[in-house]
Amino acid sequence: EPGSADDAAAGVGDAAAGGDDGCASAYARGFDDAKKGRTFNSHAAPDYGPPPPRGYTGGSGFGLASLSKVVSLGFFGKQIYDLGGGPNWTFDACQRNFMAQPPYKQAMSAFLLARVLGFSPF
C-alpha cells in the first residue's frame with residue numbers, strides 16, 4: 001500500500017506513489033535518509049538514461065585526426081599542383097618533375113601520400 005510504514009522504511013515517499021514530486025517530497029526523502037545515516041536517495045537506482053547504441057564512438061566525428069587529414073590533403077594537392085607546372089598543369093610535367101626531384105623529396109612525397117590515404121602510422 002503506498003505511503004505505508006514499509007515504504008517509509010525503504011525511503012520511498014509520496015513521489016514514488018505518484019504524488020507530488022516537489023521540494024517538500026525531496027526534503028522529506030533527504031530528511032529520512034539523513035535520520036537513517038544514508039546519503040540522499042541512496043536507495044534509488046541511479047538514472048543514467050539509456051545506454052548509447054553499439055559502436056557509438058561519441059563526439060561529432062570531426063577532431064584533430066580529421067583536421068590533420070585535411071591539412072595533409074592540402075599539402076599533397078599543393079605539391080602535385082606545383083609539380084605539374086601550376087596553371088598549365090599536365091600529368092606528364094608532374095611525372096617528369098617528380099622523377100627529377102632528389103630521392104629524399106620523393107620519399108617525403110610518398111610519406112605524405114601514405115598519410116593522406118591513411119596508411120601512415122603517425
Practice prompt. Work out how much length residue 54 to residue 91 would gain on full extension: take 0.36 nm times their residue separation and subtract the Cα-Cα distance, in nm to one decimal.
Written response: 8.8 nm
Worksheet, complete the sentence: So for R0 = 41 Å, FRET eff. of residue 34-residue 119 from the Cβ-Cβ r, to 0.05, ends up at 0.10
Practice prompt. List the lysines whose Cα lies under 18 Å from the Cα of residue 105, skipping any in the same chain that are fewer than 8 positions away.
Written response: 78
Worksheet item: What distance in nm separates the simple spin-label points at residue 65 and residue 82, each placed 7 Å from Cα in the Cβ direction?
Response: 2.9 nm
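Every number in this text was worked out from the coordinates using simple rules, so none of it is lab data. What you are looking at is a predicted structure, and each value in this text was computed from that prediction instead of being measured. So basically every Cβ, Gly included, is an ideal-geometry build from the backbone, and we count neighbours across all protein chains shown.
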